[in-house]
Amino acid sequence: MNDDKTTGSTLYRQYINTPTGKLIAIASTKGLCFLEFQKPDRNDLMEKRLEKFFRGCRIIDETNDILEKTGEWLTAYFNKDFEQLTAPPLDLRGSEFELTVWRALEKIPPGHTSSYGDIAKQIGKPNASRAVGNTNRRNPVPIIIPCHRVIGQDKSLTGYGGGLDKKEWLLAHETAAGGQQGRLFD
């Protein structure tokens, strides 16, 4: 993960069908930059982040090694083969706070959840649960960086860029795999 700006490079784009709908995957030669649900508000957010962090990059509709690895990861994930998940390299751009939150989210295993407040405490910012929520909203690679595993302090399902129906589906998918029943709301 880094926050360098890239200009003049090539980004590779692929559309991937999943049980939760079509995703847009965009990768540099360094790593996966975006894995986004196709929704107008998510597309707008992605466009703004592309302009800010990847200004001048050319996007082509071709695959590369990173996108191939992303497809393999998604196949294993949706087949509930969580033991085989090896995330593709990531090329994330954002503030130091965003990168810190996203690193913390990566530590939440499938079938488990954490609250925004717990993540804020984990990163040493106990009063930043709202900022953690806003950072979750800006997560450019949902599912791989599992922002869907972050819930309200009262264990309610709150906000998700793909929609609450997708968040609920992803959590149920993970909980149903491997006897994780009862662990959904750690």
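Before moving on, here are some points about what is shown:
- Shape call, region 55-142: gyration tensor on alpha carbons, a/c limit 1.5: oblate
- Based on Cα contacts under 8 Å between residues 6+ apart, region 99-158 shows a relative contact order of 40 percent.
- Taking a sphere under 15 Å around the Cβ of Thr10 and counting the other residues whose Cβ falls inside, with K and R at +1 and D and E at -1, yields a net charge of 0.
- Accessible area per residue, Å², the chain with all protein chains present, probe 1.4 Å: 49 Å²
- Reported value for the chain: 104 Å³ per residue, from the convex hull of its C-alpha atoms.
- Mean residue ellipticity (222 nm) of the chain, computed from DSSP H runs ≥ 4 via -39,500 (n - 2.57), nearest 500: -11000 deg cm²/dmol
- Shape call, region 77-186: gyration tensor on alpha carbons, a/c limit 1.5: oblate
- Using a Förster distance of 30 Å, the FRET efficiency for Lys155-Glu62 (Cβ separation, nearest 0.05): 0.10
- Heavy-atom accessible surface of region 96-154: percent carbon and sulfur, 1.4 Å: 47 percent
The values are calculated or read from the model by the stated rules, or taken from the named source; none is laboratory data. The shown structure was predicted, so the numbers you read here are calculated from the model rather than taken from an experiment. Don't worry about glycine lacking a Cβ; one is built from the backbone with ideal geometry, like all the others, and counts go over all protein chains shown. Keep in mind that these areas ignore ligands, DNA and RNA; they rest on the heavy atoms of the full protein, side chains included. Shrake-Rupley method; radii C 1.70, N 1.55, O 1.52, S 1.80 Å.
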